[in-house]
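Engineer: Below is a structure I'd like to ask you about.
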Amino acid sequence: MDIVPETREDTIERKAEPDARDGWMTRLRKNWRRLCLALLAFVALPYVLIVLYTAEFVRPISTLMLRDVVLLRGYDRQWVDFEDISPNVVRAVMMSEDGQYCRHAGVDWGAMREVVNEALAGEQTRGASTIPMQTAKNLFLWNGRSFVRKAMEVPLAVVADFVWSKRRLMEIYLNVAEWGPGIYGIEAAAQYHFNVSAAKLSRRQAALLAVSLPNPYTRNAGKPGPGLQSLARLIDRRAGRSGDYIKCLYD
């Protein structure tokens, strides 16, 4: 049997093969690191913005406002300071959306446990979102029910409640909440539905706006049906008895 001597070209080719594989693996590792860094930056960005939004001159916008801009719809939002919002609105919204607002630290864990237990038992669950959780969702996340969104929403709410004062948190919430198609913030809502400023809203008007928040597309505060009016009267009675519940905002 003839023995063919190994040529220099064969040696070079054999050495090149593992080098090519090494280069591919190196690129894969480098791209994976970049992907992980991009994901980390995406997750960390809302927490950086929470710190930035502490400054009172900053006027945050919501993800829904950004959506309307991207889709070229436009929107109406007129920022108004907390001092220029009728206390009727603050009381009504708190009693409708989050009666323990001044007492919890972003999340009502008791209500959250009840919802989890109901879900595990196969029962229909009710909402357990607090105002800090809704504010976090409006500013940084998306609409729709999902465990992924809720898992992101909870720590954001806790951090926002810790970093911001209760007044600042309520101010931001009332200025980014949606009260109709393209209608964001309490000032635009007051003008759109009742043709008055946010400072001039009556108890009845405030209650109607508060109860329309869960679904402002089907619940029209300016043209309420009997069901919405009945719910508004209930919230108005609760707001009238709010007393100590709102101390963290007016003391």
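Engineer: Do the conditions hold for residue 228, that is, is it within 17 Å of residue 97 (Cβ to Cβ) and either without any contact (Cβ under 8 Å) to a residue 40 or more places away in the chain or touching a Leu at 6+ places or on another chain (Cβ under 9 Å) (or both)?
Structural biologist: Yes: the conditions hold for residue 228.
Engineer: Just give me the residues in segment 143-162 being open to solvent by 10 Å² or more (accessible area, probe 1.4 Å) and closer than 15 Å to residue 45 by Cβ, in sequence order. Full working, then the answer.
Structural biologist: Of the residues in segment 143-162, the ones open to solvent by 10 Å² or more (accessible area, probe 1.4 Å) are 143-152, 154-155, 158-159, 161-162.
If the condition is that a residue be open to solvent by 10 Å² or more (accessible area, probe 1.4 Å) and closer than 15 Å to residue 45 by Cβ, then 152, 155, 159 are the ones that fit.
Engineer: Find the helices (runs of 4 or more DSSP H) located wholly in segment 27-120 whose residues include 1 or more that are open to solvent by less than 80 Å² (accessible area, probe 1.4 Å) and within 25 Å of residue 189 (Cβ to Cβ), and list them. Even if it seems obvious, please write down each step before you answer.
Structural biologist: Values: elements: 63-70, 87-97, 109-120.
Helices (runs of 4 or more DSSP H) meeting the threshold: 63-70, 87-97.
Engineer: Okay, moving on. Identify all residues within segment 217-248 that are under 17 Å from residue 86 (Cα atoms) and either out of contact with any Cys (no Cβ under 7 Å at 6 or more places or on another chain) or part of a loop (DSSP other than H, G, I, E, B) (or both); write none if there are none.
Structural biologist: 221, 232, 235, 236, 237, 238, 239, 240, 241, 242, 243
Engineer: The conditions are (1) in contact (Cβ under 8 Å) with a residue 12 or more places away in the chain; (2) under 17 Å from the mean Cα position of the chain (by Cα); (3) over 28 Å from residue 41 (Cα atoms); (4) surrounded by fewer than 24 Cβ atoms within 10 Å (Cβ to Cβ), and residue 191 fails exactly one of them. Which is it?
Structural biologist: Tallying (1) in contact (Cβ under 8 Å) with a residue 12 or more places away in the chain; (2) under 17 Å from the mean Cα position of the chain (by Cα); (3) over 28 Å from residue 41 (Cα atoms); (4) surrounded by fewer than 24 Cβ atoms within 10 Å (Cβ to Cβ), residue 191 fails exactly one: (2).
Engineer: Of the residues in segment 121-142, how many are modelled with pLDDT of 90 or more and either of a type outside the set (A, V, I, L, M, F, W, C) or open to solvent by less than 20 Å² (accessible area, probe 1.4 Å) (or both)? If you could, list the steps in order and put the result at the bottom.
Structural biologist: The first filter runs over segment 121-142 and keeps only residues modelled with pLDDT of 90 or more, leaving 130-141.
Then drop every residue that is not either of a type outside the set (A, V, I, L, M, F, W, C) or open to solvent by less than 20 Å² (accessible area, probe 1.4 Å) (or both), which leaves 130-139, 141.
Looking only at that region, the number is 11.
The values are calculated or read from the model by the stated rules, or taken from the named source; none is laboratory data. For clarity, every value in this text was computed on a predicted model and none was experimentally measured. Heads up, the Cβs are rebuilt from the backbone with ideal geometry, glycines too, and the neighbour counts pull from every protein chain shown. Ligands, DNA and RNA are excluded from the accessible area calculation, which covers all protein heavy atoms including side chains. Shrake-Rupley method; radii C 1.70, N 1.55, O 1.52, S 1.80 Å.
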